[in-house]
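Note sheet for the following structure.
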Amino acid sequence: MDTSQVRVANLLRRKLIPDSPSMPEIEDDEFGRDVERVLELRPDLETTVARQLAADDISSHDGIPAELVFVVAAAYYTNPRVDGALGYSAGQRRTAPLDEHSTAELRQRLSSVIARGPLYVPTP
Amino acid sequence: MSDTHAPAEENVDIIIVGAGAAGTAMAAAVAGRGLNVLCLEQGGWIDQTLRERSVQDHEILGTADLSPVSEVRRAPADYPIDSTESDMTPLTWNGVGGSVAMWAGAAPRLHPSDFAVRTLDGVAEDWPITYEELEPYYEQAESLLRVAGLDGNPSYPPRRVGFPEPPLPVRTIGARVAAAHDELGWHWWPGSSALHGRAFDGIHNCHVHATCPNSCPERQAKQAGYVSWQRSLSGGVQLRTGIRITRVVAQNGEVSGVEYLDRGGTLRPVRARRVVLAAGGLGTPRLLLMSATPEAPAGLANSSGLVGKGLMMHPFAVVTGYFAENMDSQQTNYENAITCQQWYETDKTRGFVRGAHWALCSTGGPVQTAVTGGVWGPEHRADFGGRFSRGALWGIFTDDLPDDDNTVTLSERTDAAGLPGVKVTYRIPENSMRILEFNVERAEESLRAAGAVEVRSYSPARAAGWHLMGTARMGSDPTKSVVNSKGETHDVAGLYICDASAFTTGGAVNPALTVTALAFKAADHLLKTLEPN
């Protein structure tokens with residue numbers, strides 16, 4: 001993207017997703033790279049979005065094409081610093097304790113379900 | 001793993017068409033027995049470079065190269081699927097693993113009543129087999145997939161053997177909704193799943209990325225199948241990818257092989273003593289219809305006229321509750337935190353027959369949360385913050401019964417090799433709509449009782465055609481069905497169908513485990529009829 005398109009992309013970002021003091025401040029160049037990364041993954045949108053970013057008409061967010069909204073939102077929310085601030089960090093490997101104790105605890109929690117008896121209809 | 005190369009002329013014992021869930025199980029069942037087995041797959045191995053992209057990228061790739069909608073991803077291996085006259089969009093994946101590549105791991109069995117809906121409810125037809133007859137093969141399927149679960153579920157008969165793996169944690173949203181169901185006196189149970197909570201045999205545990213529908217970056221849920229393929233290949237099964245079957249060949253009522261186009265477009269015949277179709281609810285009828293001859297002008301194995309008819313898709317609804325506090329939704333297994341089968345069985349006072357299966361799901365990552373919210377500008381932060389990680393979603397799968405007006409037919413649009421695509425015509429049956437309406441209301445009650453401050457419902461969901469069933473159905477009467485109880489076609493000896501197209505009725509649960517069980521059952525019969533050369 002050229003500097004004008006990066007500028008428009010950032011204007012759009014701030015219009016769609018206003019800055020927040022609780023979230024990381026994203027530099028314009030950084031966000032430009034985020035948009036390029038999204039378009040690398042969605043090459044089908046590249047031509048359309050490049051044309052839209054060149055149009056420079058973002059006066060109303062209601063009129064912003066859906067594919068441009070998607071690209072801006074995807075670029076912002078997959079920015080690693082935004083992702084980290086949200087606590088999503090999907091790259092993290094989360095595990096939960098899984099042992100005989102947790103299974104026994106689960107079975108205990110199900111005692112009232114079991115007590116209500118069978119729900120299935122047997123083979124006629 | 002490298003594919004085998006085709007010799008000029010081939011003669012094998014068994015051809016398996018398709019390397020998805022059914023083909024994987026069939027290959028596992030016939031490997032290592034001294035038989036010459038060839039599996040032909042239209043797609044390839046899923047691109048590992050795509051799979052290993054960051055998990056955040058999966059939220060984007062799911063709208064493109066990893067989309068389950070073939071018309072979106074437009075991969076070279078895909079054939080056109082015209083769903084303009086369908087209430088639901090069929091979701092598929094052509095490649096090793098098949099649609100399991102997009103599977104969230106749900107691995108429940110059908111219920112005993114699902115096999116007897118004519119007898120019990122006066123609708124459709126009974127399967128020619130019972131739950132009890134399929135149970136040994138369910139056990140094989142659960143062993144292959146190393147299914148995790150907890151026995152004692154009162155919505156099923158007692159199991160003969162326990163689950164191979166312990167259940168996954170129910171996590172925050174599961175515990176919250178389960179407590180509400182206890183107050184309401186409603187059923188809940190941890191879902192049985194091909195995701196694993198612990199590592200074993202070189203297969204690691206689920207790391208809860210919650211990107212299942214866009215392909216797991218770590219191949220979780222599909223790992224057992226992947227390991228199975230490694231074993232099958234070691235056991236002598238040949239796997240050839242990137243080919244296109246042009247027709248199944250039969251002579252004098254007996255199957256004799258297939259013809260296919262190799263990667264270079266050269267037509268290659270392969271003779272076989274047995275042919276197993278495992279190409280899925282769209283692909284299998286497509287091949288049978290493409291194999292029409294002057295002797296079988298309506299398509300191979302289609303004397304009943306039912307090939308491609310009776311498509312079932314499990315009409316689906318989404319009911320999402322948002323809570324005032326963090327529910328760690330994005331750190332929850334994508335599907336099956338808990339399940340509910342309170343309304344699975346028929347109660348005719350409700351105004352419909354059969355019922356629904358509910359699966360409690362996470363509400364996705366930040367991109368999905370933002371885009372599905374659709375609130376932008378000054379209100380965006382509040383809307384996003386009120387929903388991200390605070391949701392619990394009931395996915396409601398309804399029982400689907402065959403309607404012969406719901407069809408898969410050949411279309412005029414063609415794939416890259418000039419072979420016909422398919423046209424899907426599907427209208428959600430009235431009975432299924434009533435099931436949806438009833439269950440959506442109950443699911444809204446469920447989430448409100450759990451404390452949701454906002455509940456949103458979406459029913460019926462269009463882009464939810466994961467389960468494609470019934471287009472070459474099983475039965476005892478050759479005039480009312482395509483295959484017999486063994487999975488062999490009535491018309492053509494030695495031609496087997498072992499994917500979801502053989503389902504007589506749909507039940508309401510994910511069909512992957514039943515597909516796998518049917519493949520093992522068909523293999524059992526096939527092997528008895530086929531001694532090694």
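Give B:THR320, B:THR284 a once-over and let me know the one that is in a strand (DSSP E or B), in contact with a Leu (Cβ under 7 Å, 6 or more places away or on another chain) and crowded, with 20+ Cβ neighbours inside 10 Å.
B:THR320
Evaluate segment B:142-151: report whether one residue or more is over 29 Å from B:GLY185 (Cβ atoms), without any contact (Cβ under 8 Å) to a residue 60 or more places away in the chain and over 19 Å from the mean Cα position of the chain (by Cα).
no
Any idea which of (1) more than 9 Å from every other protein chain (Cβ to nearest Cβ); (2) touching a helix residue (DSSP H, G or I) at 6+ places or on another chain (Cβ under 8 Å) is the one A:THR47 doesn't satisfy?
(2)
I'd like the full set of residues that are of a type in the set (A, V, I, L, M, F, W, C) and within 11 Å of chain A (Cβ to nearest Cβ), limited to segment B:332-380.
B:ILE338, B:CYS340, B:TRP343, B:VAL367, B:ALA370, B:VAL371, B:VAL375, B:TRP376
Given the options B:PRO80, B:PRO128, B:PRO68, B:PRO76, name the one that is closer than 30 Å to B:HIS196 by Cα and not charged (D, E, K, R).
B:PRO68
B:LYS528: free of Cβ contacts under 8 Å to residues at least 24 places away in the same chain and not hydrophobic (A, V, I, L, M, F, W, C), yes or no?
yes
Take B:ALA522 and tell me if it is among the small types (Gly, Ala, Ser), touching a strand residue (DSSP E or B) at 6+ places or on another chain (Cβ under 6 Å) and under 30 Å from B:ARG33 (Cα atoms).
So B:ALA522 passes the test.
Residue-by-condition table, conditions (1) under 30 Å from B:ASP477 (Cα atoms); (2) of a type in the set (D, E, K, R):
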residue	(1), (2)
B:SER291	yes, no
B:PRO297	yes, no
B:ASP347	yes, yes
B:GLY373	no, no
B:ALA382	no, no
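Which condition breaks for B:MET327 when tested against (1) at pLDDT below 95; (2) buried (at least 24 other Cβ atoms within 10 Å of the Cβ); (3) under 27 Å from the mean Cα position of the chain (by Cα); (4) assigned to a loop (DSSP other than H, G, I, E, B)?
Exception for B:MET327: condition (3).
Spot the failing condition for B:GLU59; the list is (1) surrounded by 24 or more Cβ atoms within 10 Å (Cβ to Cβ); (2) more than 26 Å from B:HIS207 (Cβ to Cβ); (3) of a type in the set (D, E, K, R), and only one is missed.
Unmet for B:GLU59, out of (1) surrounded by 24 or more Cβ atoms within 10 Å (Cβ to Cβ); (2) more than 26 Å from B:HIS207 (Cβ to Cβ); (3) of a type in the set (D, E, K, R): (2).
The values are calculated or read from the model by the stated rules, or taken from the named source; none is laboratory data. Since we're looking at a predicted model, the values are computed, not measured. As a convention, Cβ positions derive from the backbone with ideal geometry for all residues, glycine included, and neighbour counts pool all protein chains shown.
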